[in-house]
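The structure appears right after this line, and notes come after that.
The values are calculated or read from the model by the stated rules, or taken from the named source; none is laboratory data. Since this is a predicted model, take the numbers as computed values, not measurements. Methodologically, a virtual Cβ is constructed for each residue, glycine included, from the backbone with ideal geometry; neighbour enumeration extends over all protein chains shown. For the accessible areas, the whole protein counts, side chains as well, though only heavy atoms, and no ligand, DNA or RNA atoms are used. Shrake-Rupley method; radii C 1.70, N 1.55, O 1.52, S 1.80 Å.
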Amino acid sequence: MKLFRNPLAASVSLLCLGAAAPVLASLISARADVAYYTTSVAVQDLDRVREALGYERINLYGSSYGTRVAQHYMRKFPARTRAVILDGVVAPV
């Protein structure tokens, strides 16, 4: 099972890389498909992580943009959501 659709799903802090940051940024932009940088894809990836860890249901904590992700996950996978904390809610679109 492929865990993430986006091979660059794990984010890298370019600020910590110093002189290597521009080189890494150019490599990422050359290979990254921005079509996969959506809340829907992030929620699907989150559910794949849940499945890979063997959990039937998960607890979600979201603050700021994470509240939107948690709301989206709850709507898409209600049976796989145990509990949710929304801290600093961003209104759904």
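If I model a spin label at TYR61 and ARG48 as a point 7 Å from the Cα along the Cα→Cβ vector, what separation in nanometres do I get?
A separation of 2.5 nm, rounded to one decimal place.
With every protein chain left in place and a probe of 1.4 Å, what is the accessible surface of SER40, to the nearest 10 Å²?
50
In whole Hz, with x marking every Gly and Pro, tabulate ³J(HN,Hα) for the stretch 54-61 from phi via Karplus 6.51 cos²θ - 1.76 cosθ + 1.60, θ = phi - 60°.
Karplus values, whole Hz, x for Gly and Pro: x, 8, 6, 9, 10, 9, 10, 10.
Just by accessible area at a 1.4 angstrom probe, what is the order of THR38, THR67, THR81 from largest to smallest?
THR38, THR81, THR67
Quick one: which residues, 5 or more positions from VAL84 or on another chain, have an amide H under 5 Å from its amide H? H modelled 1.01 Å from N in the peptide plane, none for Pro or chain starts.
LEU60
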